[in-house]
Amino acid sequence: QVQVVESGGGLVQPGGSLRLSCAASGSIFSLYAMNWYRQAPGKQRELVAAISSDSSTNYADSVKGRFTISRDNANNTVYLRMNSLKPEDTAVYYCNVQVKHRRAGIVYNYWGQGTQVTVSS
């Protein structure tokens, strides 16, 4: 089993910045992709940013140039630096990690509980 814990959300004014953190712990043999999703009220969950095991990255068009995803493999942690925040970035942000529990095993998906980001003046 793997535990995924996000932190760093909060209330910020438009134009401000936040950094989200997500730490994975437990039965981890290998960590593959680590991703950030978000879900705004009344909307579907969407992929915001993704980082592979070799640190290649991918971003939603709506956050390109403003958000940066990074990872610390030694500590099984992924970060999301969010700059120039807009009211439309308001959502619950979820961390998703892809894990193998053993060398020959399959890849499992785990999710955190989410952290609220509110952008408002």
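Counting just the residues of the stretch 3-30 that are open to solvent by 60 Å² or more (accessible area, probe 1.4 Å) and among the hydrophobic types (A, V, I, L, M, F, W, C), which one comes out modelled with the lowest pLDDT? Looking at the filtered set, the residue picked out is Phe29. Candidates in the stretch 45-74 are the residues that are open to solvent by less than 70 Å² (accessible area, probe 1.4 Å) and outside any strand (DSSP E or B); of these, the one that is nearest to Arg102 (Cα to Cα) is Ser53.
Within the stretch 87-107, restricting attention to residues that are at pLDDT 95 or above and open to solvent by 30 Å² or more (accessible area, probe 1.4 Å), the residue that is nearest to Gly15 (Cα to Cα) is Pro87. Note on the stretch 31-44: residues that are open to solvent by 50 Å² or more (accessible area, probe 1.4 Å) and of a type in the set (Phe, Trp, Tyr) amount to 2.
Taking first residues from the stretch 75-86 that are open to solvent by less than 10 Å² (accessible area, probe 1.4 Å) and partners that are at pLDDT below 95, no Cβ contact under 8 Å between residues at least 6 apart in sequence or on separate chains turns up.
The residue pairs whose first member lies in the stretch 28-43 and is farther than 23 Å from Val117 by Cα, whose second member is assigned to a strand (DSSP E or B) and polar (S, T, N, Q), and whose beta carbons are closer than 6 Å, counting only pairs six or more residues apart or on different chains, are Tyr32/Gln98.
Looking across the stretch 70-86, the residues that are over 16 Å from Thr115 (Cα atoms) and in contact with a Ser or Thr (Cβ under 7 Å, 6 or more places away or on another chain) come down to Arg71, Asn76, Asn83.
The values are calculated or read from the model by the stated rules, or taken from the named source; none is laboratory data. Everything numeric here is computed off the predicted structure, so don't read it as measured data. For neighbour counting, all protein chains shown are included, and Cβ atoms are generated from backbone atoms with ideal geometry for every residue, glycine included. Just the protein is used for accessible areas: all its heavy atoms, side chains included, with ligands, DNA and RNA removed. Shrake-Rupley method; radii C 1.70, N 1.55, O 1.52, S 1.80 Å.
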